[in-house]
Amino acid sequence: MMKNNKDNFQAAWCVIDEMNRCDIDKAFGDLFTALSSGDIENKRINLPFMQLDNEKHLYVPGRFRLIGTINTYDKDFIQDFSVALSRRFRFFPIDIPAKVNISKELELLWDKAKGTILRRIAEWGVTETALNDLRTALESVNGVNYWNEYEALIDYIRWSQDVGVPIGSSQVMEVLVGLVTQLFIFDKAALVTTPRDDAEKVSAQEAVLEALDQSIAESLVKQFDSNSIAGLNELMKRLSTSAIKFKTTGPTLTELRRLVKENELI
């Protein structure tokens, strides 16, 4: 890695994300055996299988540190730490962040989402101005503020006692990306932005609902697979009665019913 520089007090860090997604002892056992031997100030690990002389040794600085994040929420494909491996780490629980106003987060995510959308549909010749016009139009589609309704839905999912799923910013943004991308791909963006009469306002609302429903099903629903049956049922009730008016046969509610059936079999 690098030779230790005693004049440099900056530690060398290696971060392994979701470390318990693998068989930890098999994946890291040899590494810890190598790290636990030799000079603590400047470990030299022999690599006899390397051919070049300058590659036959791996130097690990004395201030090398390994950080592993572990997932304690999911049910599937998660491995436990063995007693022996646990002794090599200090464990720091990270709680859910304090509740904050999601409005600012959503605006920041929209700024980031625009770049992703423009890259995905570059061949459509969509401009940032067109994206911003659509974003504004989502605040009033046939009398429904879909932007605020989506904001309220995320707030409910994160903080409701019935659901309480820690949805991250990346998933929240992916819904926005999916919603807007679909509206442009299926040539519905102009309809939503500038409906000419009441009939087009209704059509615009149906287009937004269809795109939002599909995007939530693809980007969010999988996050609920560890939820209780009661929590899933409460979420379906919330979606069925929201101003967004999710359709019973739409992809989001269909996927949630599938999760309920799967949990009933566990």
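Filter the stretch 246-266 down to residues that are assigned to a helix (DSSP H, G or I) and of a type in the set (A, V, I, L, M, F, W, C) and give me whichever is farthest from Gly231 (Cα to Cα).
Leu253
Among the candidates Lys222, Lys201, Lys237, which residue alone is of a type outside the set (A, V, I, L, M, F, W, C), part of a helix (DSSP H, G or I) and over 26 Å from the mean Cα position of the chain (by Cα)? Break it down into steps so the answer makes sense when it comes.
Working: Lys222 fails: over 26 Å from the mean Cα position of the chain (by Cα); Lys237 fails: over 26 Å from the mean Cα position of the chain (by Cα).
Exactly one of Lys222, Lys201, Lys237 is of a type outside the set (A, V, I, L, M, F, W, C), part of a helix (DSSP H, G or I) and over 26 Å from the mean Cα position of the chain (by Cα), namely Lys201.
Take the stretch 131-156 and flag every residue that is on the phi > 0 side of the Ramachandran plot and buried (at least 16 other Cβ atoms within 10 Å of the Cβ).
Step one: list which residues in the stretch 131-156 are on the phi > 0 side of the Ramachandran plot, which gives 142-143.
The answer is Asn142, and nothing else.
Residue check, Asp187 against (1) more than 29 Å from Thr72 (Cα to Cα); (2) part of a loop (DSSP other than H, G, I, E, B); (3) in contact (Cβ under 8 Å) with a residue 12 or more places away in the chain, all met but one. Which one?
Evaluating Asp187 over (1) more than 29 Å from Thr72 (Cα to Cα); (2) part of a loop (DSSP other than H, G, I, E, B); (3) in contact (Cβ under 8 Å) with a residue 12 or more places away in the chain leaves (3) as the failure.
Taking the stated definitions as given, is Met173 of a type in the set (A, V, I, L, M), over 23 Å from Ser103 (Cα atoms) and not in a loop (DSSP other than H, G, I, E, B)?
Numbers: of a type in the set (A, V, I, L, M): yes; over 23 Å from Ser103 (Cα atoms): no; not in a loop (DSSP other than H, G, I, E, B): yes.
No: the conditions fail for Met173.
Assigned by TED's automatic domain parsing to the domain that holds Thr248 and either closer than 16 Å to Arg135 by Cα or surrounded by 16 or more Cβ atoms within 10 Å (Cβ to Cβ) (or both): does that describe Asp197? Give the derivation first.
Details: assigned by TED's automatic domain parsing to the domain that holds Thr248: yes; either closer than 16 Å to Arg135 by Cα or surrounded by 16 or more Cβ atoms within 10 Å (Cβ to Cβ) (or both): no.
Here the answer is no, as Asp197 does not meet what is asked.
Between Glu264, Glu234, Glu218, which is among the charged types (D, E, K, R), closer than 26 Å to Ile185 by Cα and touching a residue at least 12 places away in the same chain (Cβ under 8 Å)?
Working: Glu264 fails: closer than 26 Å to Ile185 by Cα; Glu234 fails: closer than 26 Å to Ile185 by Cα.
Being among the charged types (D, E, K, R), closer than 26 Å to Ile185 by Cα and touching a residue at least 12 places away in the same chain (Cβ under 8 Å) holds for just one of Glu264, Glu234, Glu218, which is Glu218.
Being farther than 28 Å from Ala230 by Cβ and out of contact with any helix residue (DSSP H, G or I) (no Cβ under 8 Å at 6 or more places or on another chain), is that true of even one residue in the stretch 151-172?
If we filter the stretch 151-172 for residues that are farther than 28 Å from Ala230 by Cβ, which is where we start, we get none.
No - not one qualifying residue is present in the stretch 151-172.
Could you grab me the full set of residues in the stretch 212-243 that are among the β-branched types (Val, Ile, Thr) and in contact with a helix residue (DSSP H, G or I) (Cβ under 9 Å, 6 or more places away or on another chain)? Break it down into steps so the answer makes sense when it comes.
Taking the stretch 212-243 as the starting set, the residues that turn out to be among the β-branched types (Val, Ile, Thr) are 216, 221, 229, 241.
Ile216, Val221, Ile229, listed by residue number.
Quick one: which of Leu212, Leu191, Leu239 is within 19 Å of Gly164 (Cβ to Cβ), in contact with a Leu (Cβ under 9 Å, 6 or more places away or on another chain), at pLDDT 90 or above and not β-branched (Val, Ile, Thr)? Break it down into steps so the answer makes sense when it comes.
Details: Leu212 fails: within 19 Å of Gly164 (Cβ to Cβ); Leu191 fails: within 19 Å of Gly164 (Cβ to Cβ).
None of the other options fit; the residue is Leu239.
Can you list the helices (runs of 4 or more DSSP H) found entirely within the stretch 48-165 that contain at least 1 residues being at pLDDT 90 or above and closer than 30 Å to Arg196 by Cβ? So that I can check it myself, show each step before the final result.
Details: elements: 83-86, 102-120, 128-137, 146-159.
Per the criteria, 102-120, 128-137, 146-159.
Which number in (1) surrounded by 12 or more Cβ atoms within 10 Å (Cβ to Cβ); (2) in contact (Cβ under 8 Å) with a residue 12 or more places away in the chain; (3) not assigned by TED's automatic domain parsing to the domain that holds Pro48 marks the one condition that Glu128 misses?
Just one mismatch for Glu128, condition (1).
Within the set of pairs 6+ apart or on separate chains, which have a first residue in the stretch 68-83 that is more than 15 Å from Phe224 (Cα to Cα), a second that is exposed (fewer than 13 other Cβ atoms within 10 Å of the Cβ) and modelled with pLDDT of 80 or more, and C-beta atoms under 6 Å apart?
Sorted first by the residue in the stretch 68-83, then by its partner, the pairs are Thr69/Asp17; Gln79/Asp23.
The values are calculated or read from the model by the stated rules, or taken from the named source; none is laboratory data. Small disclaimer: the values here were computed from a predicted structure and weren't measured. Here Cβ is always computed from backbone atoms with ideal geometry, including for glycine, and neighbour counts include all displayed protein chains.
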